[in-house]
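Working notes for the structure below.
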Amino acid sequence: MLEIIKAKIHNLNDVRVFCDKCNYDGGVKQKDRVFLANINNELAGVVRLCPEMNVLVLRGMQVLPEFQGQGIGTKLLKSCNDYLGQQPCYCIPWSHLHSFYGQIGFQIISPAELPDFSAQRLKRYIARNMNVIPMYKSGKLISH
């Protein structure tokens with residue numbers, strides 16, 4: 001059975017281990033809002049919302065390969081949407097995921113529309129030949 005929960009401080013070490021297992025090196029901090037997807041008490045997916053420079057950024061969505069294609073990512077994304085409410089948010093996902101993030105109102109923007117710290121991150125990703133795009137979700141709540 002799938003359960004989406006907001007992580008508590010005692011879950012953060014499990015999240016770090018999970019991210020290592022997914023080869024994701026973005027880390028996790030106490031100030032992040034992290035949502036966990038558990039299937040039968042097994043951690044199957046994680047997404048985090050990070051407050052950076054007074055802006056929220058959706059970062060580090062990961063679903064284990066054996067659980068992909070089951071709607072877990074969509075449920076995690078919708079949990080983020082519920083949490084965001086009227087708060088705007090940025091993300092820099094893989095370009096092929098633009099429709100996925102568009103489900104909750106993220107739209108492709110120009111790099112110039114990113115906050116400076118995100119624009120620098122985007123440049124680093126592109127320098128590493130990562131095919132990513134800048135996206136933004138306004139503070140308008142998208143229902144699901």
Checklist entry - Which one of Cys50, Cys80 is without any contact (Cβ under 8 Å) to a residue 24 or more places away in the chain and in contact with a Lys or Arg (Cβ under 9 Å, 6 or more places away or on another chain)? => result Cys50
Item to check | Residues of the range 87-103 satisfying the condition of being more than 14 Å from Val57 (Cα to Cα) and assigned to a loop (DSSP other than H, G, I, E, B) | outcome: Gln103
Checklist outcome for this item: Picking from Gln70, Gln107, the residue that is polar (S, T, N, Q), modelled with pLDDT of 90 or more and surrounded by 14 or more Cβ atoms within 10 Å (Cβ to Cβ) would be Gln70
Checklist entry - Hey, any hits in the range 1-10 for a residue that's surrounded by 17 or more Cβ atoms within 10 Å (Cβ to Cβ), under 29 Å from Pro115 (Cα atoms) and not hydrophobic (A, V, I, L, M, F, W, C)? => result no
Next on the checklist: Suppose we filter Gln87, Gln30 for residues that are closer than 29 Å to Gln120 by Cβ, surrounded by fewer than 18 Cβ atoms within 10 Å (Cβ to Cβ) and either among the acidic types (Asp, Glu) or touching a residue at least 24 places away in the same chain (Cβ under 8 Å) (or both); which single one remains?
Outcome noted: Gln87
Checklist outcome for this item: Just one listed residue, out of Leu49, Leu56, Leu77, is part of a helix (DSSP H, G or I) and of a type outside the set (Asp, Glu), and it is Leu77
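The values are calculated or read from the model by the stated rules, or taken from the named source; none is laboratory data. These figures come from a predicted structure and were not determined experimentally. Quick reminder, even Gly has a Cβ in these numbers, built from the backbone with ideal geometry, and neighbours come from all protein chains shown.
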